1. Mind giving me the nanometre distance, one decimal, between the label points for residue 147 and residue 206, set 7 Å out from Cα along Cα→Cβ?
2. Evaluate the charge dipole of the stretch 128-209 about its Cα centre and quote only its size in Debye, nearest 20, assuming +1 on the Cβ of each Lys and Arg and -1 on the Cβ of each Asp and Glu.
3. Enter the Cα centre distance for the pair the stretch 256-289 and the stretch 135-185, rounded to the nearest angstrom.
4. Taking a quarter of the surface of the Cα convex hull of the stretch 153-300, what do you get in nm²?
5. May I ask which residue of 118, 16, 91 lies farthest towards the positive end of the charge dipole of the chain, with charges of +1 (Lys, Arg) and -1 (Asp, Glu) on Cβ and the Cα centre as origin?
6. With n ≥ 4 as the cut-off for DSSP H runs, can you work out [θ] at 222 nm for the chain, using -39500 (n - 2.57) per run divided by the number of residues, rounded to the nearest 500?
7. Using only Cα atoms, what is the ratio of the radius of gyration of the chain to 2.2 N^0.38 Å?
8. Report the relative contact order of the stretch 298-379, percent, no decimals, based on alpha-carbon pairs under 8 angstrom and at least 6 residues apart.
Amino acid sequence: MITPLMPVYNRIPVAFERGEGMYLFDTNGKKYLDFYSGIGVMCLGHSHPTLVKAITEQASKLWHTANTFEIPLGNRLAERLTAASFADTVFFTNSGAEAIECAIKMVRKHHYDRGNKGRYRMITMANAFHGRTLAGIAAAGQEKLTKGFEPLVDGFDVVPFGDIEAVKAAIKPETGGIMIEPVQGEGGIRLLDDAKMRELRAICDEHDLLLVFDEIQCGMGRTGKLFAHEWSGVKPDIVTAAKGIGGGFPLGACLATEHAALGMTVGTHGSTYGGNPLAMAVGNAVLDEMLAPGFLDRVVAMGDKLQARLGALQQRHSDMISEVRGRGLMAGIRLPDVATRDAVVDLINRGLVPAVAGDNVVRMLPPLIIEDSHLDEAMETYDQAFTDWKQNGVPKS
Ligand SMILES: *Cc1c(COP(=O)(O)O)cnc(C)c1O
């Protein structure tokens, strides 16, 4: 019999009741160090006082008015995001998938309004993840996402991740843009190097294509810059954000240059909830912390330490860890010979919460407020786990 809650998730049998900073507490009162942040969402950790204050104050004032009316908090958040990034304009959504949808529609409308009606296709990357809408799964092109949901939305040409020659070969008269995650999250913490990022920009300039970066997982401070593409110096046309942007409140955004967004005029797009006062109050509070002097510098420093500590861990357990991946506080260790879900479940039982990613990777997205003591604690747990696994194998979950 089907469960009342639609059974689409393979859940780990732990229920958290409370969170405080870097820690989660389950319904039995057991304490866990959070290295997952609910898929990188809780960028300021749990129950951050700035966010708690912002949401409670706004909740007692005004939750929602619809986009029929002016929302000053939304104007302010858009001004702050554009001032801090490449973008000239922002559309707010409730999720990452909707930000992707906005980006895809924007690419099509951009070319349409410029008289290039046939240029509706986008080149996307294998092992990508762009959300669960029909367009998002077609863009990612992974069979595990699309199987049974055909016919797929037309308009995506998938090439191997970061394969510049394949990108060039895939360009057709109908191509309007290229979409890529600067660091693939679900796909296994795969980093596109800065040189390739610049090559993609050059290809887009040469062929009049829009360059879309999906920064829903790697953006909002995760790599130590507000957006991961900033490391390369490349200026994109469109960037999608979500996850960390709301610090736990469902919020997404599609950022664009004026040129990219030229077709997004009154009536062409919209949302009931997107950018409502409650979401905008929290979004502004997240930026209050993230854009405060020194915050991102601290993320860079802690990210370097995390990567270095994982490198040392790999040296001690090189028989099990084949690779350390990532940038900043977006990290992965590749365990080619064990079931990564079993490894993650065992780590959770030991009080450390990482996550599974593709390509046999154990993924880490700790809150950006992480301190040295948390790194020590996590490395001790990993060290003990790898030592035990070598002797007894990884327990089946
Ligand atoms: C999570 C994610 C999405 C989808 O976001 P939702 O909020 O789940 O719709 C899209 N792209 C990337 C890179 C993501 O990590």
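1. According to this spin-label approximation, the distance is 3.8 nm.
2. Taking the Cα centre of the stretch 128-209 as origin, the dipole is about 260 debye.
3. First find each Cα centre; the distance between them is then 25 Å.
4. Reported value for the Cα convex hull: 10.3 nm².
5. 118
6. -11500 deg cm²/dmol
7. 0.98
8. About 28 percent, as a whole number.
The values are calculated or read from the model by the stated rules, or taken from the named source; none is laboratory data. Predicted model, so just to flag it, every value in this text is computed and none were measured. Cβ sites come from the backbone with ideal geometry, for glycine too, and all protein chains shown count toward neighbours. The protein model used for the area step is the full one, side chains on, heavy atoms only, and it has no ligands, DNA or RNA in it. Shrake-Rupley method; radii C 1.70, N 1.55, O 1.52, S 1.80 Å.
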